[in-house]
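See structure below.
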Amino acid sequence: MERYCAYQERCHKEVQQKLKDMRMIPEAIDQIVHHLLQHNFLNETRFAQAFARGKFSAKKWGKRRIVNELKLREISKYNIGLALKEISETEYMATFHALADKRLAQLTSETNLQKKRKKLADYLLYRGWESGLVYEKVRELIR
């Protein structure tokens, strides 16, 4: 399990699920998780920060999607807050504007303005960008 955790950052839930899949008894799971925590192989804060940085830079996810995915992995609110601080506000906004412009350029075949607005908004909302930002950008780009 040390190697499993050293390969990439893992959350507690992933490690516990892996151990359950290996048919470990609950007492053994607790002992192994405790060992991993003691030797710093498992660190929820480090996982949340790496997750947020990675999903933002690689997949261009917005903060809402990152928060929802971290909640699914049962990460604490405190660690989610720390993870979101990993994303600089200027980089966040620059990525948002670049992503919106790129997606709009892909929607050239759509002639109906209402459908074009909806497609752009749906795309950005699915990726977890804040609805206020999305609708403001849609109004700005498609008139």
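The values are calculated or read from the model by the stated rules, or taken from the named source; none is laboratory data. Since the structure is predicted, the reported quantities are computational estimates derived from the model, not experimental observations. Reconstructed Cβ throughout: ideal geometry from the backbone, glycine too, with neighbour counts over all protein chains shown.
For (1) surrounded by 13 or more Cβ atoms within 10 Å (Cβ to Cβ); (2) of a type in the set (Gly, Ala, Ser); (3) touching a helix residue (DSSP H, G or I) at 6+ places or on another chain (Cβ under 9 Å), each residue gets a yes or a no:
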residue: 34; (1), (2), (3): no, no, no
residue: 45; (1), (2), (3): yes, no, yes
residue: 51; (1), (2), (3): yes, no, yes
residue: 58; (1), (2), (3): no, yes, no
Restricting the search to region 69-103, which residues are hydroxyl-bearing (Ser, Thr, Tyr) and assigned to a loop (DSSP other than H, G, I, E, B)?
-> 76, 88
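Rundown of residues vs (1) among the hydrophobic types (A, V, I, L, M, F, W, C); (2) in a helix (DSSP H, G or I); (3) under 21 Å from residue 7 (Cβ atoms), yes/no style:
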position: 53; (1), (2), (3): no, yes, yes
position: 56; (1), (2), (3): yes, yes, no
position: 67; (1), (2), (3): yes, yes, no
position: 105; (1), (2), (3): yes, yes, no
position: 111; (1), (2), (3): no, no, no
position: 125; (1), (2), (3): yes, yes, no
If only one of 69, 110 is modelled with pLDDT of 95 or more and of a type in the set (D, E, K, R), which one is it?
-> 69
Checked region 1-32 for anything among the aliphatic types (A, V, I, L, M), in a helix (DSSP H, G or I) and loosely packed, with under 13 Cβ neighbours inside 10 Å; matches are 6, 28
